[in-house]
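All remarks here apply to the structure that follows.
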Amino acid sequence: MPPEITDEIESVDLELPVVQESRLPAFMHQRDGHLTRELLLEPGGFGLGKVPAKSKPDATTTMTCGYCSTGCGLNIHLKDGEAVSLTPATEYPVNLGMACPKGWEALTVLDSPDRATRPLIKDESGKLVPTDWDTALRTFTDRFKNIQQCHGTESVAFLSTGQIPTEEMALLGALTKFGMGILHGDGNTRQCMATSVVAYKQAFGFDAPPYTYQDFEESDVIVLVGSNLCIAHPIMWERVMRNPHEPEIVVIDPRMTETAMQATQHVPLAPKSDQSLLYGIAKILIDNNWLDDSFIEQSTNGFTEFAAFVEQFTLERVSAETGLAAEQIERLAEIIHAGKRVSFWWTMGVNQSYQGVRTAQAIINLALMTGNIGRPGTGANSITGQCNAMGSRLFSNTTNLLGGHDFADEDHRQKVADILAIDSEQIPREPSWAYHEIIEGILRGKIKGLWVICTNPAHSWINQTQCRDILERLDFLVVQDMYHTTETATMADLVLPAAGWGEKEGTFINSERRIGVLKKVRKAPGEALSDFSIFRLIADYWGVGKMFEKWSSPDAVFQILKQLSADQPCDITGVDDYRMLDELGGIQWPFEGRESRVEGREAEGKGSRPSTRGPQPSQRRLFEDGRFYHADGRAKFLFEEPRPMPEPPSAQFPLILLTGRGTASQWHTQTRTSKSAVLKKLYPAKLYVEINPTDARKRGIKPQDTVIVMSQRGRVRASAFVTPNVQPGQLFLPMHYEEVNQLTDAVFDPYSKQPSYKACAAQILRG
């Protein structure tokens, strides 16, 4: 206790009530002393208004938020070099002074008492107990090497994330594939973005979201398919609200989402009938010659075949399959035709589907046939989920060889080998198994050891009960995470404590391809280390440290990534360093250096790139010259007969279960957001299920009743939320709660291998 307070207490005469009465208020309202000085409000500077003296910053810096793919800029306010508060960055070109609740609370979750602060190892009783780093790393190395010696190098795999910096992803991918001999490794971006990756690669020739967020403000028609921007990406929705053109906003979604409530038109189609609707719209556009014939002729292949294919999607057929009136379908086609700048956007409602790739390409087809691509306010635009899913897609060494290269291409392997000074024979000739194939590999006894980095499959993977059963079969499970309490960490044999966002350096790449800087503004707690440092230590203990001598720091790795990107569509050789990224408010790829430019690239069919000569624009959209990344420079029309729903409603399970975002304050498995008292107040503590009043009456269900929601895989308890926002015959569960994936069905898109979280057969009964 401070001496002045102690002295004050000792001076109070408890035997003199009058004195006590007169002195006590003075004691309670002391005007000086350590405590008072710390609590006194003073001008905070940096636009903060008045703040307590103890929180008054003495410096500020800007960095990219670590939650969703929006990639907002946050001003981090520092005191003695440590972050004490934050505010949205007003000049950052992404968010322009706005932040969602998660962004405002980004620092708070770093202080959670369940942070992993020491390595943990499972003892003979099966309990995780603290150990030292040397023991942890020796155990890691010995156990995985023994598994490989007994069962082959392919018997160890890893599952990574879209939530760590690009430099860490690259080091992990290089370490595992080139140093440790691990062939199979995938990221949790498989759960959210694989569909769009494949759709873009097949249609455009490269994984290339073409847009900039400025397009939200330039469109006169905005079509959102399976995308609830208000909740999932609220800052993007704020950009829509800044649009001065009074745009027509169309939301195509079975559920009356928060975004649909704000739209000029909601199209409540039957679940998973998107493909039929989009093909039907295409037929109407073709029948009326509402096309950009010049763009189709000069910039695409396959339109004639596509036009012949959609002939079968008559109004009668589409109306029957979608549940929409013919007039509504025709009206939607007319809106698209009338627009001068039409942008098409999709998110998880499309991606997380058993036919997601072809549905995404049906959206792309509409943009191509109407020439709505490469111009302001246009595009076939996939919105990413995780903060660095784009970094994972290009540089994690999972689905692509580093830098968006191809494992199967000999020239690509040699280029990467030369840059990294390794033998090209150390580079696999094929990509990894996909996420679900790794899980199935455990079940089949092919995978015996698994390393999980900053992801939580025991919660998030589809058909959760089966997934947990499979993980229990591993000989050795390592989890590397900032929290030791995740569902997967509690199952681990070894837990490695990792630093979180704000406790390390690197870069994120957001949905619009903007590279933003991540800075270290806090010290990681206890013995926790950055993932980068952990990977470097593992390289040394594994005996391949020399291979990664040049990978000495995140900024050194960034320079390596620049070399790997040269002459790729994602070329960033023109970015000098982190300082340049910081000064310019992030930079969208491509951003070529002069040494990377190849004259006549367009003639060679390598695709268009915004000019890097002269002053650099802050917004950089792709395909402005109508040239794509296929060898002939043309985009492809791709299509396929819609597939039936793998698990349609039945007599036993007569309803369709939908899943999606709950509130703007939740994030994925709530691993971080549940640590914030503020965020927890913004969403219900317990699982709830949305049910239509008609279905509720049939079952005698009243608002807030405890109910049982069932599928073929399990049953969960939830609170009933009776609302017309879901159609009769449908239920909705927010994906963030642990119980939800006990119900979802393990079916996958055949091209992207992405799970279909969004629709399965279900039943609901009073609890």
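Order these by the 10 Å Cβ neighbour count, fewest first: L86, L682, L332.
Values: L86 24, L682 16, L332 21.
Result, fewest neighbours first: L682, L332, L86.
Tell me the trypsin sites (Lys or Arg not before Pro) within region 49-140 that lie in a loop according to DSSP and have at most 13 other beta-carbon atoms within 10 Å. Each step should come with its number before you reach the end.
Details: sites: K50, K54, K79, K102, R115, K122, K127, R138; in loops: K127.
Hits after loop and neighbour filter: K127.
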>> A 26 angstrom limit on the alpha carbon distance is what I want to check against. Which of K446/K504; K50/K102; K50/K504 exceed it?
In response: K446/K504; K50/K504
> Given labels modelled 7 Å from the Cα in the Cβ direction, how far is it in nm from R242 to E410?
Replying inline: 5.0 nm
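Neighbouring Cβ atoms within 10 Å as the yardstick, rank S552, S396 fewest first.
Details: S552 11, S396 30.
Starting with the residue having the fewest Cβ neighbours, the order is S552, S396.
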> Modelled label-to-label distance, S719 and E305, 7 Å Cα→beta-carbon offset: nm?
Replying inline: 5.4 nm
>> Out of all DSSP beta bridges in the chain, what portion is antiparallel? Express it as a percent rounded to 5.
In response: 50 percent
>> Placing unit charges on C-beta atoms (Lys and Arg positive, Asp and Glu negative, everything else neutral), compute the dipole magnitude of region 171-283 about its Cα centre in debye, rounded to 20.
In response: 560 debye
> What value, in deg cm²/dmol to 500, does the helix sum -39500 (n - 2.57) over DSSP H runs of n ≥ 4 give at 222 nm once divided by the residues of the chain?
Replying inline: -8500 deg cm²/dmol
>> Per residue of region 154-168, what does 6.51 cos²θ - 1.76 cosθ + 1.60 with θ = phi - 60° give for ³J(HN,Hα)? Whole Hz please, x for Gly and Pro, Karplus curve as stated.
In response: 7, 7, 10, 9, 9, 10, 10, 8, x, 10, 10, x, 4, 5, 5
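Quick one: compute the contact order of region 194-383, relative version, from alpha carbon pairs under 8 angstrom and 6+ residues apart, as a percent. Intermediate values should be presented prior to the final figure.
Details: 334 pairs, mean separation 61.5, N = 190.
Relative contact order comes out at 32 percent.
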>> Taking loop as defined by DSSP and a crowding limit of 15 other beta carbons within 10 Å, which GluC sites (Glu not before Pro) in region 424-516 fit?
In response: E472
> Helix 554-565: angle to the longest alpha-carbon principal axis of the chain, degrees 0 to 90, nearest 10?
Replying inline: 10 degrees
> In region 265-319, what GluC sites (Glu not before Pro) fall in a loop by DSSP, with at most 14 other Cβ atoms inside 10 Å?
Replying inline: none
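Order by neighbour count: R715, R358, fewest other Cβ atoms within 10 Å first, most last.
Details: R715 16, R358 26.
Ranking R715, R358 by Cβ neighbours within 10 Å, fewest first, gives R715, R358.
Past 21 Å, Cα to Cα, is the threshold; run K519/K562; K562/K753; K127/K523 against it and keep the listed order. Could you put the intermediate results ahead of the total?
Working: K519/K562 19 Å; K562/K753 29 Å; K127/K523 28 Å.
Check vs 21 Å cut-off fails for K562/K753; K127/K523.
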> Scattering from the C-alpha atoms of region 194-383 alone, worked out with Debye: what is log10 I(q)/I(0) at q = 0.13, 0.16 1/Å?
Replying inline: -0.60, -0.97
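With contacts defined as alpha carbon pairs under 8 Å and 6 or more residues apart, what's the relative contact order of region 625-680 in percent? Each step should come with its number before you reach the end.
Working: 20 pairs, mean separation 8.0, N = 56.
Averaging sequence separation for qualifying contacts and normalising by length gives 14 percent for region 625-680.
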>> Cross-link candidates for K283: which aspartates and glutamates have Cα within less than 16 Å, leaving aside residues fewer than 8 places away along the same chain?
In response: D274, D292, D293, E305, E311, E316, E321, E327, E330, E334, E640, E641
> Along the charge dipole of the chain, Cβ charges K/R +1 and D/E -1, which of H412, C387, G593 sits furthest on the positive end?
Replying inline: C387
> List the aspartates and glutamates whose alpha-carbon lies under 12 Å from that of K201, not counting same-chain residues fewer than 8 positions away?
Replying inline: D406
> So, in Å, what gap is there between the alpha-carbon centers of region 331-383 and region 696-767?
Replying inline: 29 Å
> Per the Cauchy relation, a quarter of the hull surface: what is the mean projected area of the convex hull of the alpha carbons in the chain, in nm²?
Replying inline: 38.0 nm²
> About its Cα centre, what dipole magnitude does the chain give when the only charges are +1 on Lys and Arg Cβ and -1 on Asp and Glu Cβ, stated in debye to the nearest 20?
Replying inline: 1160 debye
>> Report the Cα centroid-to-centroid distance between region 101-120 and region 184-239 in angstrom, as an integer.
In response: 28 Å
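How much FRET efficiency would the formula 1/(1 + (r/R0)^6) give for Q619 and R579, where r is the Cβ-Cβ distance and R0 is 22 Å, rounded to 0.05?
On the way: r = 21 Å, r/R0 = 0.97.
E between Q619 and R579, to the nearest 0.05, is 0.55.
Which whole-number percent is the relative contact order of the chain (Cα, under 8 Å, 6+ apart)? Intermediate values should be presented prior to the final figure.
Details: 1685 pairs, mean separation 131.9, N = 767.
Over the chain, the number comes to 17 percent.
FYI, it's all coordinate maths here, none of it is from the lab. The shown structure was predicted, so the numbers you read here are calculated from the model rather than taken from an experiment. For neighbour counting, all protein chains shown are included, and Cβ atoms are generated from backbone atoms with ideal geometry for every residue, glycine included.
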